[in-house]
Every structure is written in structure tokens, then in C-alpha cells.
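See below for the structure under consideration.
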Amino acid sequence: MKVDINVPESLNEITLYQYQKFEKLIQNNEASHFVNQKTIEIFCDIELKDVARIKVADTDSLLVHLNTLLQTKPKLTRTFKLGVYEFGFIPKIEDITSGEFIDLDYYFKTGSIENLHLLCSILYKQYKIDEWNNTIEEPYIYDIHIRSEHFLKEPISNIYGIINYFYKFKENFINNYTGIFTSPDDDLDLEGLDQNEINEIKKEIEEDKKRSEFSWQLLVFDLTNGDLTKFESVCGLSLIYVFNTIAMKKAMKL
């Protein structure tokens with residue numbers, strides 16, 4: 001009995017949803033015959049029971065082909081259509097708000113592939129031209145979880161490039177604000193201290209590390225002087241402005 005297989009010829013024919021399923025598969029399982037079969041099931045639009053009926057030689061050929069496709073790392077795509085809407089990558093990523101940066105950093109840290117549809121919802125926006133021919137960017141007030149569902153159907157070729165792009169931006173950004181991001185224990189000198197003092201310092205360091213998952217919130221909280229009603233206002237400010245202010249406060253010990 002002949003088995004019909006839809007073999008993708010390029011990354012343009014592989015959706016973000018398929019790519020995420022594959023990523024989850026290889027993260028949760030060691031290499032095996034089962035993983036190979038599931039890989040074909042995911043990318044070739046075929047049921048697992050039918051994959052088992054494919055000749056071994058054909059299976060091997062398919063896996064080589066799919067692996068070749070997946071080794072391709074697409075560059076950043078600046079614009080593309082999502083249904084009837086056209087979306088564009090943020091023209092100047094350094095102009096993002098502190099709230100956008102905090103969300104981006106969180107979703108990258110917790111799984112750049114798993115959360116790629118959410119990352120797209122932040123980095124790709126709609127734009128319009130006003131009566132003075134200025135480009136107006138869509139404000140960051142929409143629900144990214146609702147919008148992200150639409151990105152799951154997009155080809156991974158349109159989307160994958162944002163991962164490396166953001167990593168490079170974040171690396172450069174952190175290098176520009178080393179005074180803020182450097183941990184206090186990076187150059188710790190314990191010479192001359194007794195064991196009780198050393199233990200106390202280590203205890204404080206451990207407590208700081210436990211709070212690290214809330215580091216962004218603590219930075220913003222500090223800027224609001226503890227006023228939670230101003231939290232959203234600070235998150236809506238330019239990232240550069242916010243971190244220049246934090247750096248100034250730290251330098252002046254305010």
C-alpha cells in the first residue's frame with residue numbers, strides 16, 4: 001500500500017508549530033528509532049502508524065533531507081504578512097521600552113524556541129503612516145498571548161532569525177551597563193575576614209541569587225521608589241532612558 005508523504009522542500013514549508021514540536025521531542029528524548037519516526041510524523045504530515053510502513057532506505061533518506069533543512073539558520077526577516085495584516089520588525093531595537101525588554105528577556109531565558117511565538121508578538125508590530133508621513137508604531141498594549149497564536153502557523157524561515165538578533169543586542173546592551181549587571185561578588189575579596197564574617201557574606205550572596213529571578217522587577221521597583229502605581233509607567237519608558245537613570249542613581253549612590 002502506497003503511503004502519501006508531504007515532504008517539505010525548504011524551511012518555508014515548516015511552520016513554527018512544527019518546529020516547536022520537534023524541539024520538544026529532541027529535548028525530552030534521547031536519539032532513537034522512535035524519535036526518528038516522530039520527526040517524520042511532525043514534518044511530513046503523516047500519522048505515526050504509517051511512518052512504520054515506509055521502507056528503511058526511504059526513512060533514512062527522509063531523515064538526512066530533514067536534518068539538512070534544520071541545519072539552515074535563516075537571517076532576520078524584517079517584514080511579512082500575517083493573514084491580511086503586515087507586520088514589521090521593530091526598526092530600532094534599542095528604542096524598545098523597558099517593559100518590552102523585560103518580557104523579551106524572560107521569554108528568552110525560559111525557552112527561546114518554546115516561547116518563539118510570544119517573542120514574535122513583541123518584536124513584530126503593525127505600523128502606519130500618519131498625515132505628516134511619519135511611521136507610527138503600534139503601542140505595546142495588546143495581549144501577546146492572543147496574538148502569538150497566529151505566529152504558530154508562520155514558516156520558521158520568517159521567524160527564526162530573531163533569536164540570534166536579540167541575543168547579540170542583549171550582549172551589547174549588558175556590556176554598555178556592566179556596572180548594573182555585574183554581581184557584587186564578582187570581585188569579592190575575603191582576605192582577612194574570620195569564618196563567621198565569610199559565612200555571613202556567603203549567606204547574603206545566596207539570598208541575592210534567590211532574588212535574581214525578580215531582578216528586573218526589583219530594578220523597576222527601585223525607580224518607582226516603592227510606588228507600585230508607577231510600575232506600568234516606568235515599563236512604558238524607553239529602555240535606554242531607564243537604564244541611564246539606574247546607572248546615574250547607582251553612580252551617585254542615590
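Just so it is clear, none of the values below were taken in a lab; they were calculated from the coordinates. Since this is a predicted model, take the numbers as computed values, not measurements. Virtual Cβ from ideal backbone geometry, glycine too; neighbours counted across all protein chains shown.
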*For C235, what is the net charge nearby, where nearby means another residue's Cβ is under 10 Å from its Cβ and Lys, Arg count +1, Asp, Glu -1?*
-2
*Protection proxy ranking of 135-145, 33-43 - average other beta-carbon atoms within 10 Å, highest first*: 33-43, 135-145
*Could you work out, for segment 57-108, what percent of all Cα-Cα pairs fall into each 10 Å distance bin, beginning at 0 Å and stopping at the bin that holds the largest distance?*
18, 25, 30, 18, 8, 1
*Using 1/(1 + (r/R0)^6) with R0 = 45 angstrom and r between the beta carbons of K249 and I146, what's the FRET efficiency to the nearest 0.05?*
0.80
*Net +/- balance of residues flanking L123 in space, Cβ distance below 14 Å, scoring K and R +1, D and E -1*: -2
*Long-range amide H contacts for T97: which residues qualify at under 5 Å (H placed 1.01 Å from N, peptide plane, sequence gap of 5 or more or a different chain)?*
L239
_C-alpha center-to-center spacing [segment 112-167, segment 14-85] in angstrom_ = 24
*Using amide H atoms built 1.01 Å from N in the peptide plane, name the residues 5+ places from T15, or on other chains, whose amide H lies under 5 Å from its own.*
I156
*Can you list the HN-Hα couplings for segment 7-22, worked out from phi with the Karplus curve (6.51, -1.76, 1.60; θ = phi - 60°), rounded to whole Hz and with x for Gly and Pro?*
8, x, 9, 7, 5, 5, 9, 10, 7, 4, 4, 5, 5, 5, 4, 5
*Among 160-169, 124-133, 88-97, how do they line up from the highest to the lowest mean number of other beta-carbon atoms within 10 Å?*
160-169, 88-97, 124-133
*Pairs to check: K81/K109; K168/K230; K24/K250; K81/K249; K81/K168; K38/K128. Give those whose C-alpha atoms are more than 32 Å from each other in this structure.*
K24/K250; K81/K249; K38/K128
*Please give the length that would be gained between E137 and E30 if that part of the chain were fully extended, namely 0.36 nm times their separation in residues minus their C-alpha to C-alpha distance (nm, one decimal).*
34.1 nm
*Considering the zone a paramagnetic label at Y165 would reach in this model (a point 7 Å from Cα along the Cα-to-Cβ line), which residues of segment 54-94 have amide N under 16 Å from it?*
73-82, 86-94
*Scan around L82 for amide H atoms under 5 Å from its own, H built in the peptide plane at 1.01 Å from N, and keep only partners 5 or more places away or cross-chain.*
F87
*Residue-by-residue Karplus 3J(HN,Hα) for segment 91-107, coefficients 6.51, -1.76, 1.60, Hz, glycine and proline x*: x, 10, 4, 5, 8, 5, 7, 5, x, 5, 5, 4, 5, 4, 4, 5, 6
